[in-house]
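K.L.:
Starting off with a structure, shown below.
The values are calculated or read from the model by the stated rules, or taken from the named source; none is laboratory data. Quantities reported herein were computed from a predicted structural model and do not represent experimental measurements. Reconstructed Cβ throughout: ideal geometry from the backbone, glycine too, with neighbour counts over all protein chains shown.
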Amino acid sequence: MLKADELIFSFFILLSIVFLIFLINPMEALLVINWKTIISLFYIMVIVNLLKDSGFLEYLSIKIIERTRRIFLTLIFLTLILSMFVTNDISLFIIVPLTLILARYCNLELNKIIILEGIAANIGSSLTPFGNPQNLFIFYHYHLNFTEFVINMIPFEVLGILVILPFLDFKKFCVKRLEEKEFKKVWLIYIFIFILTILSVLNIINSLYLLPIILYILVKKRIRVDILFLLTFCSLFIDIEGLKRLGIIEIFKINFSQDIIIMTYSSLLSQVISNVPTAILLSNLYDNWLAIAYGVNVGGNGSLIASFANLITIRLSEGRVDITKFLKYSFLIYFLHLTTLTIYLLVRGFL
């Protein structure tokens, strides 16, 4: 039986197949897909999974945790930081299993902390172009530079962290000694390749130069890549093109161009069709990249399908997360974050 995330992915893929059969020539579809975004996602998946499978990310996480007893706080901020650089999905694949391991050594409230880790991953990943797929698409679609993107997203990130702070547990936990792990010299090579990958995402070096290295790692190290996710992302470009040709895409256009309204609209639409499709859809309708970026990122929290990271959080929790409680926290933080962003944009408009 397909899981919730697989059902959603399959829907977008099947829709693109329908368009390819009846409306879009396959050769035209190849031109519709933003291959730079797909290649960048593929590279990031390969190198981050290499760092994960080799044990480096677990080593890094444990070293940080060994230096503090505020485990709850540390895990949340570790999620925030990791998601900025290795994507929200990957950070959860590291942090949630680590949290389940740490729960054996200290009395963590697993339900609450895993829920907040999922929420933190959505907030933290918003800062950088490579933090999540919707940011990567927006970054390439609007031809932005790295500094411009990050500077504009800093207020979003700061307000998100301030909103989540009251929900965190600041108390100290007693932790037994974790398993010792030695630093491996080969990790230095992997880190160097990771840096090259980020440079290729930022268009500082040509991504084609990295292709032989990435393919070698993929085959030699037998790295698992989420093919379904990559196919879904390719399908989204075809789906949007199909909707444009049918004239349906105009249904989603509202006759307002103010940042606050576009942000709110994109955040609400994300609750229904998820934030990655919303980013691609609205980017074909509006030039306000920042309003869309704010909207789809704040809209990542809320419903289960608002962000693929939400589904991953539930999937990795091993039944420890109560869905009702997840929705309660997620919608509350979504509303608070959206409210503070609205106030920020209003104040900025008057200055």
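K.L.:
Condition test on PHE252, is it among the aromatic types (Phe, Trp, Tyr), farther than 30 Å from ILE47 by Cβ and either under 25 Å from the mean Cα position of the chain (by Cα) or surrounded by 12 or more Cβ atoms within 10 Å (Cβ to Cβ) (or both)?
P.N.:
Numbers: among the aromatic types (Phe, Trp, Tyr): yes; farther than 30 Å from ILE47 by Cβ: yes; either under 25 Å from the mean Cα position of the chain (by Cα) or surrounded by 12 or more Cβ atoms within 10 Å (Cβ to Cβ) (or both): yes.
Criteria met by PHE252.
K.L.:
Scan the helices (runs of 4 or more DSSP H) fully inside the range 10-114 and keep the ones with 1 or more residues being modelled with pLDDT of 90 or more and in contact with a Phe, Trp or Tyr (Cβ under 8 Å, 6 or more places away or on another chain).
P.N.:
Hits in the range 10-114: 26-32, 35-53, 71-86.
K.L.:
Quick check on my filter: what residues within the range 316-344 are within 15 Å of LEU159 (Cα to Cα) and either β-branched (Val, Ile, Thr) or at pLDDT below 95 (or both)?
P.N.:
Here is the first cut: in the range 316-344, the residues within 15 Å of LEU159 (Cα to Cα) are 332-344.
Within the range 316-344, ILE333, THR339, THR340, THR342, ILE343 qualify.
K.L.:
For the range 115-141, give me each residue that is hydroxyl-bearing (Ser, Thr, Tyr), modelled with pLDDT of 95 or more and over 11 Å from the mean Cα position of the chain (by Cα).
P.N.:
Those that are hydroxyl-bearing (Ser, Thr, Tyr), modelled with pLDDT of 95 or more and over 11 Å from the mean Cα position of the chain (by Cα): none in the range 115-141.
K.L.:
Then there's this: Of all residues in the range 240-272, count the ones that are closer than 14 Å to ALA306 by Cα and of a type in the set (A, V, I, L, M).
P.N.:
3
K.L.:
Please work out which residue is farthest from ILE95 (Cα to Cα), limiting yourself to the range 269-283 and to residues that are crowded, with 23+ Cβ neighbours inside 10 Å and out of contact with any Leu (no Cβ under 8 Å at 6 or more places or on another chain).
P.N.:
Only one residue tops the list, namely ALA279.
K.L.:
Just the residues that are farther than 17 Å from LEU338 by Cα, of a type outside the set (S, T, N, Q) and out of contact with any Pro (no Cβ under 8 Å at 6 or more places or on another chain), please, taken from the range 117-137. First the steps, then the outcome.
P.N.:
So in the range 117-137, the residues farther than 17 Å from LEU338 by Cα come out as 117-118, 128-137.
The next check asks that each one be of a type outside the set (S, T, N, Q); those that pass are 117-118, 129-131, 133, 136-137.
GLU117, GLY118, PRO129, PHE130, GLY131, PRO133, PHE137, listed by residue number.
K.L.:
Inside the range 155-174, can you point out the residues that are over 15 Å from TRP289 (Cα atoms), surrounded by 14 or more Cβ atoms within 10 Å (Cβ to Cβ) and in contact with a Ser or Thr (Cβ under 9 Å, 6 or more places away or on another chain)?
P.N.:
Of everything in the range 155-174, those that are over 15 Å from TRP289 (Cα atoms), surrounded by 14 or more Cβ atoms within 10 Å (Cβ to Cβ) and in contact with a Ser or Thr (Cβ under 9 Å, 6 or more places away or on another chain) turn out to be GLU157, LEU159, GLY160, VAL163.
K.L.:
Quick check on the range 196-210: of everything there that is part of a helix (DSSP H, G or I) and free of Cβ contacts under 8 Å to residues at least 40 places away in the same chain, which residue is nearest to ILE138 (Cα to Cα)?
P.N.:
In the first step, residues of the range 196-210 are kept if they are part of a helix (DSSP H, G or I); the result is 196-201, 207-210.
From what is left, the residues that are free of Cβ contacts under 8 Å to residues at least 40 places away in the same chain are 196, 199, 208-209.
Values: LEU196: 21, LEU199: 17, LEU208: 21, TYR209: 24 Å.
Among residues in the range 196-210 that are part of a helix (DSSP H, G or I) and free of Cβ contacts under 8 Å to residues at least 40 places away in the same chain, the one nearest to ILE138 (Cα to Cα) is LEU199.
K.L.:
State which residue is surrounded by the fewest Cβ atoms within 10 Å (Cβ to Cβ) when the search covers only the range 111-132 and only residues that are in contact with a helix residue (DSSP H, G or I) (Cβ under 7 Å, 6 or more places away or on another chain) and closer than 21 Å to LYS171 by Cβ.
P.N.:
Pass one, the range 111-132, residues in contact with a helix residue (DSSP H, G or I) (Cβ under 7 Å, 6 or more places away or on another chain): 111, 113-132.
Applying the additional criterion that residues be closer than 21 Å to LYS171 by Cβ yields 111, 113-117, 119-120.
On the way: ASN111: 15, ILE113: 25, ILE114: 26, ILE115: 27, LEU116: 24, GLU117: 26, ILE119: 31, ALA120: 32.
Residue satisfying both the conditions and the ranking: ASN111.
K.L.:
Hey, does the range 295-315 have a residue that's among the charged types (D, E, K, R) and either touching a helix residue (DSSP H, G or I) at 6+ places or on another chain (Cβ under 6 Å) or at pLDDT 90 or above (or both)?
P.N.:
no
K.L.:
Write out, first by first residue and then by second, each pair whose Cβ atoms fall under 6 Å of each other, whose residues are 6+ apart or on separate chains, and whose first residue, in the range 88-105, is on the phi < 0 side of the Ramachandran plot while the second is among the acidic types (Asp, Glu).
P.N.:
ILE95/GLU117
K.L.:
Hey, any hits in the range 284-293 for a residue that's surrounded by fewer than 20 Cβ atoms within 10 Å (Cβ to Cβ), touching a His at 6+ places or on another chain (Cβ under 9 Å) and at pLDDT below 90?
P.N.:
yes
K.L.:
For the range 211-231, which positions are of a type outside the set (D, E, K, R) and closer than 28 Å to SER307 by Cβ?
P.N.:
Quick first cut of the range 211-231, residues of a type outside the set (D, E, K, R) only: 211-219, 223, 225, 227-231.
Passing the criteria: ILE214, ILE217, LEU218, ILE223, VAL225, ILE227, LEU228, PHE229, LEU230, LEU231.
K.L.:
Still on this structure, I have one more. Check every one of the helices (runs of 4 or more DSSP H) wholly within the range 224-336 and list those with 2 or more residues that are among the polar types (S, T, N, Q).
P.N.:
Here the list reads 227-246, 259-273, 275-283, 308-316.
K.L.:
Scan the range 232-247 and report the pairs whose first residue is under 12 Å from LEU23 (Cβ atoms) and surrounded by fewer than 22 Cβ atoms within 10 Å (Cβ to Cβ) and whose second residue is modelled with pLDDT under 90 and of a type in the set (A, V, I, L, M), with Cβ atoms within less than 7 Å and a gap of 6+ or a chain change.
P.N.:
Qualifying pairs under 7 Å: LEU243/ILE249.
K.L.:
I would also like to ask the following. Return the only residue of ASN152, ASN135 being of a type outside the set (Lys, Arg), assigned to a helix (DSSP H, G or I), surrounded by 22 or more Cβ atoms within 10 Å (Cβ to Cβ) and out of contact with any Asp or Glu (no Cβ under 8 Å at 6 or more places or on another chain). Can you show your working first?
P.N.:
Values: ASN152 fails: surrounded by 22 or more Cβ atoms within 10 Å (Cβ to Cβ).
Result: ASN135 is the single residue among ASN152, ASN135 that is of a type outside the set (Lys, Arg), assigned to a helix (DSSP H, G or I), surrounded by 22 or more Cβ atoms within 10 Å (Cβ to Cβ) and out of contact with any Asp or Glu (no Cβ under 8 Å at 6 or more places or on another chain).
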